[in-house]
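S.K.: What follows is a single structure, and I will ask about it in a moment.
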Amino acid sequence: MNRLILLLLAVLGSSALYAQEKSTTELKLSKTESNGIQVYEAPGNKNPGATPIQTPAERTINDWNLEECENALYYLDLKIEKSKEYEGEPEVEQRKHYEIQRQAILARIQVLSNTTK
């Protein structure tokens, strides 16, 4: 029984070494660090025809429609009310930021209201 286990471990160990040896020979050496560590290039997808994923353009308040402005104003008012419960320094700064955002949203609503009339 011990010989069977020993034989099994020897076979598994040699196959693991062979697999590791095979995988490192297929990789391209990228650089060697000053401490002797070798860095290889990743064998990722090398399809030159693939197009990169494009991120959507970032939207600002000036891109919002009237419904988006009203929703944002509702949640901003809730945040302002919640921040009034606490009187620490971070809450005061946060409330100032919310008030600035609120004024910008109100200005956008005014612009949208004038264009629909």
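The values are calculated or read from the model by the stated rules, or taken from the named source; none is laboratory data. All values derive from a computational prediction rather than experimental measurement. Cβ placement follows ideal geometry from the backbone for every residue including glycine, while neighbour counts extend to all protein chains displayed. We work out accessible area using only protein heavy atoms, side chains counted, and drop any ligands, DNA or RNA first. Shrake-Rupley method; radii C 1.70, N 1.55, O 1.52, S 1.80 Å.
S.K.: Show the residue pairs that are 6+ apart or on different chains and have beta-carbon atoms under 9 Å apart, the first residue being within the stretch 40-65 and under 27 Å from Thr115 (Cα atoms) and among the small types (Gly, Ala, Ser), the second being surrounded by 10 or more Cβ atoms within 10 Å (Cβ to Cβ) and modelled with pLDDT of 65 or more.
M.R.: Short answer, once both residue conditions are applied: Ala57/Asp63.
S.K.: Report, by residue number, each residue of the stretch 67-98 that is of a type in the set (Lys, Arg) and open to solvent by less than 80 Å² (accessible area, probe 1.4 Å).
M.R.: Once the filter is applied, which keeps residues that are of a type in the set (Lys, Arg) and open to solvent by less than 80 Å² (accessible area, probe 1.4 Å), the stretch 67-98 yields only Arg95.
S.K.: Now for a separate question. Go through the residues of the stretch 80-87 one by one and say whether even a single one is of a type outside the set (A, V, I, L, M) and at pLDDT 85 or above.
M.R.: Yes: one or more hits.
Let's see how each residue does on (1) modelled with pLDDT under 90; (2) over 30 Å from Ala107 (Cα atoms):
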residue	(1), (2)
Tyr40	yes, yes
Pro43	yes, yes
Lys46	yes, yes
Gly49	yes, yes
Thr55	yes, no
Glu58	yes, no
Leu66	no, no
Cys69	no, no
Ala72	no, no
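S.K.: Run down Glu93, Glu26 and say which single residue is of a type in the set (D, E, K, R) and at pLDDT below 75. Before you say what the answer is, go through the steps one by one.
M.R.: Values: Glu93 fails: at pLDDT below 75.
Criteria check complete, one pass: Glu26.
S.K.: Looking at Gln101, Gln110, which one is surrounded by 13 or more Cβ atoms within 10 Å (Cβ to Cβ) and part of a helix (DSSP H, G or I)?
M.R.: Working: Gln110 fails: surrounded by 13 or more Cβ atoms within 10 Å (Cβ to Cβ).
Only one candidate qualifies: Gln101.
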